[in-house]
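Q: Just dropping this structure here.
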Amino acid sequence: MKQNKKRKKAGFENSFVWYVFLLPTIAGMVLFMTYPVLESLRLSFFKSNGTIESWVGLRNYIRIFSSPVFWRTVYTTFYIGTFKLMLSIPIGFLVAYLINSLTYGKNAFKVLFFIPYITSVVAAGTIFLFVLHPGDGLLNTIIGLFGIANIEWLSHATSARWGTIFLTVWHWLGFVIIICMANLQTIPTELYEASKIDGATERQQFFYITIPKMSSCFSFLLVMGWISALKIFTE
């Protein structure tokens, strides 16, 4: 009995120590994540100028959902997000597949493609502003060589959306490549060797081994891509 009590006491003390170490993380999550969400939810039922609040109930929600601007914003967000994923995941996977097939220089290419991802979104957006500038931007300079007049890329809804799509694809492509390469390197080489003995071509190996083994990776990228797409305000 005494030994059991001692073990329970020792177990409780060990658990208590671990909870003490977890306290800073838990406090940080409550302070910087949970509280802001709950406070935003509370404020959504008030009219506030930052100091004075007055209860309005569901009036803010009614105003938002009845606004055509809100629905245009939702459409634009899903439009950009959909094409971002449709372009970045296939392109990133193919680039990762080609890099993975190299004998030398894999790390150099990984770093080269990953640099845009760690670049500040504001800096990347500024670069694209120079590229799409309606006057002497890089894109207008290139098409001007073929006798095409300058186009105001950011003044039209469609071209502005596609400019944002290309920016997000360029910025996110490095992340897709790194994740795809990590998954490609987990595929057992024995599968390729066995299929080669059975007479499978490289094309058959690609479609019947590589693609199926990448399904979990594609699912992860879709989830992360939509999370990123729904926070696309900065771009």
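Q: Which condition from (1) surrounded by 14 or more Cβ atoms within 10 Å (Cβ to Cβ); (2) over 13 Å from the mean Cα position of the chain (by Cα); (3) outside any helix (DSSP H, G or I) is the one that Glu235 breaks?
A: Going through the list (1) surrounded by 14 or more Cβ atoms within 10 Å (Cβ to Cβ); (2) over 13 Å from the mean Cα position of the chain (by Cα); (3) outside any helix (DSSP H, G or I), Glu235 breaks only (2).
Q: A follow-up question, please. For region 176-189, which residues satisfy the criterion of being within 30 Å of Tyr75 (Cβ to Cβ) and open to solvent by 30 Å² or more (accessible area, probe 1.4 Å)?
A: Ile179
Q: Among the listed residues Val56, Val95, Val74, which satisfies the condition of being open to solvent by less than 50 Å² (accessible area, probe 1.4 Å) and either in contact with a strand residue (DSSP E or B) (Cβ under 9 Å, 6 or more places away or on another chain) or at positive phi (or both)? Quick ask: steps written out before the conclusion?
A: Numbers: Val95 fails: either in contact with a strand residue (DSSP E or B) (Cβ under 9 Å, 6 or more places away or on another chain) or at positive phi (or both); Val74 fails: either in contact with a strand residue (DSSP E or B) (Cβ under 9 Å, 6 or more places away or on another chain) or at positive phi (or both).
Unique residue meeting the criteria: Val56.
Residue by residue, here is whether (1) polar (S, T, N, Q); (2) over 18 Å from Met181 (Cα atoms); (3) within 26 Å of the chain's Cα centre (by Cα); (4) open to solvent by 70 Å² or more (accessible area, probe 1.4 Å) holds:
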residue	(1), (2), (3), (4)
Ile64	no, yes, no, yes
Ile115	no, no, yes, yes
Phe130	no, yes, yes, yes
Asn140	yes, yes, no, no
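Q: Next question, about the same structure. Inspect all residues belonging to region 48-60 and state whether any of them is in a helix (DSSP H, G or I) and of a type in the set (A, V, I, L, M, F, W, C). I'd like the intermediate steps shown before the answer.
A: To start, the set of residues in region 48-60 that are in a helix (DSSP H, G or I) comprises 59-60.
Pick out the ones that are also of a type in the set (A, V, I, L, M, F, W, C) and you get none.
No, region 48-60 contains no residue that is in a helix (DSSP H, G or I) and of a type in the set (A, V, I, L, M, F, W, C).
Q: May I pose another question? Quick one: what pairs do we get from region 207-220, first residue at negative phi and aromatic (Phe, Trp, Tyr), second open to solvent by less than 60 Å² (accessible area, probe 1.4 Å) and in a helix (DSSP H, G or I), C-beta under 8 Å, 6+ apart or different chains?
A: Tyr208/Ser195; Phe218/Ile89; Phe218/Phe93; Phe220/Ile179
Q: Residues in region 120-127: is at least one in a helix (DSSP H, G or I), in contact (Cβ under 8 Å) with a residue 60 or more places away in the chain and open to solvent by 80 Å² or more (accessible area, probe 1.4 Å)?
A: yes
Q: In region 144-166, which residues are open to solvent by 50 Å² or more (accessible area, probe 1.4 Å), β-branched (Val, Ile, Thr) and either touching a helix residue (DSSP H, G or I) at 6+ places or on another chain (Cβ under 7 Å) or outside any helix (DSSP H, G or I) (or both)?
A: Ile148, Ile151
Q: Got a sec? Which of Ser88, Ser40 is touching a residue at least 40 places away in the same chain (Cβ under 8 Å) and assigned to a helix (DSSP H, G or I)?
A: Testing whether each residue is touching a residue at least 40 places away in the same chain (Cβ under 8 Å) and assigned to a helix (DSSP H, G or I) leaves just Ser88.
The values are calculated or read from the model by the stated rules, or taken from the named source; none is laboratory data. All of these numbers come straight from a predicted model, not from anything done at the bench. All Cβ positions, even for glycine, are placed from backbone atoms using ideal geometry, and neighbour counts span all protein chains on display. The accessibility values were calculated without ligands, DNA or RNA, using every heavy atom of the protein model including side chains. Shrake-Rupley method; radii C 1.70, N 1.55, O 1.52, S 1.80 Å.
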